[in-house]
1. For the stretch 86-145 and the stretch 34-75, what is the separation of their Cα centres, given in Å?
2. How would you rank HIS108, HIS59, going from fewest to most other Cβ atoms within 10 Å of each one's own Cβ?
3. At 7 Å along the Cα-to-beta-carbon direction for both LYS141 and ILE33, put a label point, then send me their distance in nm to one decimal.
4. Can you sort THR149, THR20 by how many other beta carbons sit within 10 Å, fewest first?
Amino acid sequence: MPEVSLNNTLGAAFLGTIATSCFYGITVVQTYIYYKRNGTDPAYLQALVFFLWVMDSLHLALVVHAVYFYAVTNFTNVFMLDIPIWSILSQILVTGVSDGAVRGVFCHRVWRLSNRNYVLVVAISISSLIVFSGSIAFAVKGFSIPTFTALSEISDILYISLGSGVVADVLIAGSMCFLLAKRRTGFTRTDSIVRVLMMYSINTGALTSMAALLTLLCYASMPNNFIFIAFYFVLPKLFLNSLLATLNARQPLRESGSGDMVSFPLSATTNSRLSFSAGRPQFTQSLTNRDDQRNLQIQIQTTTDTKSDPDPHGVVDEELKPWPVYARTETPIAFAV
């Protein structure tokens, strides 16, 4: 066994566990928001979100067990740091299943946005399947290897799996940005929504691909410490939070695309006035002691241009189809008192 340093072995695993726990807290909050906002989603999607949350909880439990085993149970036995305990290998299996499911959702979204573009979907599916199968194979073979040092015998599987993960994430982010850019209509409000969706896609691909790339580089350059494990602990949390963030953003984006609702008070006063400033009504009134009251008559003339597209988030609610992405009021409100 090489010389052991607690800072880059047990210390790295401990820091990775802290980061994993923090991201799990965000996952819990986002899961709660999802079920509160999206009760009309299809049953299969709600079941998938619940399954991913369960897998994420199991992943955290396995990570905590592994770090507890090395840091507490074998506090004085540094040689145990070279023994891969079952929980640290099992979390690789959980990560493979969870990440595969999340990539499947993103792949389905690309499928819908691209109008069933087989080339994009096949490329993403192949790279995602390589990641999934590589994770399972590495974990299964790892159970038969006695030490972390001996994991170098199957390091090729890890390289291929992590490398394919980077490719898959870049393909997903790039495809989403390209397909969303094609949906620009020239309407300010619609293009603003498209830009937000593109930002989500870029952040999703950037965070996950960066974490996978750091894991790959750290393992290639420092295979005898746990720094690569710290990055790998965080990887599934980034995937799930990226998915939940895009799912939870649907309602605010729909509301921003449906226009603003303006209300103003009406009272039986004289000398009332309604004026417009920058397209929005402003209500002012002056109070008098007169007993006479006049009738308020409001004439509303509106012209609405509506453009409807499939929900670019991959899920179309039956009650919300078609999805209005732009509405414009041509003629202001006219009134006479």
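Here, each number is a calculation from the coordinates, and none is a lab measurement. This structure is a prediction, so every number in the text was calculated from the model and none was measured. For neighbour counting, all protein chains shown are included, and Cβ atoms are generated from backbone atoms with ideal geometry for every residue, glycine included.
1. Distance between centres, Cα-based: 17 Å.
2. Ordered from fewest to most neighbouring Cβ atoms within 10 Å, HIS108, HIS59 come out as HIS108, HIS59.
3. Each label point lies 7 Å from its Cα, and together they span 4.0 nm.
4. THR149, THR20
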